[in-house]
Amino acid sequence: MLLLRPPGVYRPQGDTDLLSAALRRTPVAAGARVLDIGTGTGAVSVAAARRGDCRVTAVDVSARAVLAARLNTMVRGLRVRVMRGDLFAPVRGQAFDLILANPPYVPGHAPMPSLHSRARAWNAGLDGRRVLDRICAQAPAHLAPGGTLLIVHSALSGEAATLEALRAAGLTAWVTARSTEPFGPVLRARAGVLERRGLIRPGQRYEELVVIRADRASN
């Protein structure tokens with residue numbers, strides 16, 4: 001898929017493909033309300049909108065990402081509502097049948113990057129969970145009865161922590177997809193730090209990506 005990607009907007013990679021594949025395996029009813037959190041270029045929103053008669057909303061904190069997602073969906077003739085804001089803030093009070101999320105999850109440095117830093121698209125704090133934990137805490141309130149959350153991230157960021165948080169919120173959660181991917185430029189540059197912190201083995205230059213599915217009961 002050819003997508004407009006301005007500088008500083010996350011480039012679709014293996015995690016985008018893994019989440020899109022999980023989306024294709026997930027039943028989506030006609031008229032379903034779909035939310036794509038951290039849309040980036042809008043790649044996952046495009047995949048969702050192509051599923052048929054569903055109402056897709058995409059959100060990103062980056063103005064450049066919002067512009068890219070709007071253009072990438074419009075040129076394909078897809079009706080996607082693209083909004084700028086921090087996670088669920090633009091859709092406060094709204095519920096969705098399907099929530100899709102590919103948040104920043106790379107373990108990095110404790111201080112968050114500045115608002116205009118490119119690293120904002122991937123750097124997620126010291127343990128990689130700064131955004132993940134917020135999604136786990138906020139997503140359940142935005143799931144309609146019978147709704148589903150699909151979230152992709154690296155196992156380096158703690159799949160057990162995601163599962164525990166979602167289950168504690170009353171959702172049924174499990175890993176629905178896995179994929180092993182070679183390190184990209186960001187993780188290669190941080191490999192030494194990850195080794196010293198015990199997050200990877202010496203010489204390891206690959207990570208496991210997971211898609212976690214969480215369902216809300218229908219009543």
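Computed from the coordinates by the stated procedures, all read-outs in this text should not be read as laboratory data. Here the structure is a predicted model, which is why all the values come from computation and not from measurement. Neighbour counts are summed over all protein chains in view; Cβ atoms, including those assigned to glycine, are modelled from backbone coordinates with ideal geometry.
Here are a few things to note about the model shown:
- Restricting the range 126-219 to chymotrypsin sites (Phe, Trp or Tyr not before Pro) that sit in a DSSP loop and have at most 13 other Cβ atoms within 10 Å of their own Cβ leaves nothing.
- Sequentially through the range 77-94, phi angles give Karplus couplings (6.51, -1.76, 1.60; θ = phi - 60°) of x, 9, 8, 10, 7, 10, 10, 9, x, 8, 6, 8, 4, x, 10, 3, x, 9 Hz, Gly and Pro residues having no value and appearing as x.
- Taking the longest Cα principal axis of the chain as reference, the axis of helix 14-25 is set at about 30 degrees.
- The 3J(HN,Hα) values that the Karplus relation (6.51, -1.76, 1.60; θ = phi - 60°) gives for the range 127-143 are, in residue order, 9, x, 10, 4, 8, 4, 5, 5, 5, 4, 6, 9, 4, x, 5, 9, 8 Hz. Gly and Pro appear as x.
- Helix 63-74 and the long axis of the chain differ in direction by around 50°, with both axes built from C-alpha atoms.
- Taking 0.36 nm per residue of sequence separation and removing the Cα-Cα distance, the residue 189/residue 138 pair yields an extension gain of 15.2 nm.
- Taking N as its residue count, the alpha carbon Rg of the range 14-215 over 2.2 N^0.38 Å: 0.99
- By the helix-only formula, in which each DSSP H run with n ≥ 4 contributes -39500 (n - 2.57) and the sum is divided by residues, the chain has a 222 nm mean residue ellipticity of -7500 deg cm²/dmol.
- The dipole here belongs to the range 14-215: it is taken about the Cα centre, uses +1 on the Cβ of Lys and Arg and -1 on the Cβ of Asp and Glu, and is about 480 debye.
- Nearest-0.05 FRET efficiency for residue 196 and residue 71, computed from C-beta distance (R0 45 Å): 0.60
- FRET efficiency estimate (nearest 0.05) - Cβ-Cβ, residue 92 to residue 179, R0 30 angstrom: 0.35
- Rounded to 5, percent antiparallel among DSSP beta bridges of the chain: 45
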